[in-house]
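Following: one structure in structure tokens, then a few remarks.
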Amino acid sequence: MESRSPPCLPLHTHFYCCIPGTPKLTKKCGNCKNKLDFGKEFVCCSDCSDPTILIKDSKLGYCKSGAELSIQLKPQETYHWVVGPWMKCSSPCDGGVQYRDVACYGNLSDAMIKHYPVDDASCSADEMPSRQEACNQQSCGDSNMTEPTDSKRSGMSGWLVALILLLGLVAIGGIVFTSYTYYLRRTSGRSGFVYVMMEAYS
């Protein structure tokens, strides 16, 4: 006797009729290798088997294994500008320019994933920080006015060094003279020493 129920071909697997349905929200699709990427979400089967989608817009489909069809929203991606430190000014005075690195980075709502560089077009151009700015606007003439003072200081320092060296030479000369005199007295005979003393008293 033939069955009066309609056949489930082609939506069947062995002895189980596959009933199409819309996927239910889950957080397990990210761990499945067999999943379908629909841009902002993943579609998978609860047992990670191959899902079959009949209508892409509504995600209507089924799992051949009889498992439940599931859908998981991808982590929300946001973009922001990241700036680096300012580089050295191009001129010490009379106006210069300094630069810094500015790049667009993306990050996901998942805190486990660090931000990553993306194309600058992904970030808002109106919110982009400046990559360069003016620096050292003071006149170079102002800095030259302080040079005489510096030269005077350097001149005074030179005189002090010369004076110290001169005193050092005088001290060394005194030590040498004293040592030489003491050496002559030690090497002279006693008679000579008495003769000198008598000459002094005569």
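The values are calculated or read from the model by the stated rules, or taken from the named source; none is laboratory data. What you are looking at is a predicted structure, and each value in this text was computed from that prediction instead of being measured. Because the Cβ atoms are built from the backbone with ideal geometry, glycine has one as well, and the counts that use them run over all protein chains shown.
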Residues Val43, Val82: which one is in the same structural domain as Ala134 (by TED's automatic domain parsing) and either at pLDDT below 90 or outside any loop (DSSP other than H, G, I, E, B) (or both)?
Val82
Could you list, in sequence order, the residues of region 99-136 that are within 19 Å of Pro75 (Cβ to Cβ), in contact (Cβ under 8 Å) with a residue 24 or more places away in the chain and of a type in the set (Phe, Trp, Tyr)?
Tyr105
Among the residues listed as Cys89, Cys93, the single one being under 26 Å from the mean Cα position of the chain (by Cα) and part of a loop (DSSP other than H, G, I, E, B):
Cys89
Looking only at residues in region 66-85 that are free of Cβ contacts under 8 Å to residues at least 24 places away in the same chain and within 18 Å of the chain's Cα centre (by Cα), which one is surrounded by the fewest Cβ atoms within 10 Å (Cβ to Cβ)?
Pro85
Given the criteria in contact with a Cys (Cβ under 9 Å, 6 or more places away or on another chain) and either touching a residue at least 60 places away in the same chain (Cβ under 8 Å) or closer than 30 Å to Asn34 by Cβ (or both), does Gly96 qualify?
no
For Tyr105, indicate whether it is at pLDDT 90 or above, more than 30 Å from Gly141 (Cα to Cα), of a type in the set (Ser, Thr, Tyr) and surrounded by 15 or more Cβ atoms within 10 Å (Cβ to Cβ).
yes
Against the conditions (1) within 30 Å of Cys140 (Cβ to Cβ); (2) surrounded by fewer than 14 Cβ atoms within 10 Å (Cβ to Cβ), where does Lys33 fall short? Just the number, please.
(1)
Scanning region 130-170 for residues that are among the polar types (S, T, N, Q) and modelled with pLDDT of 85 or more, which turns out surrounded by the most Cβ atoms within 10 Å (Cβ to Cβ)?
Asn136
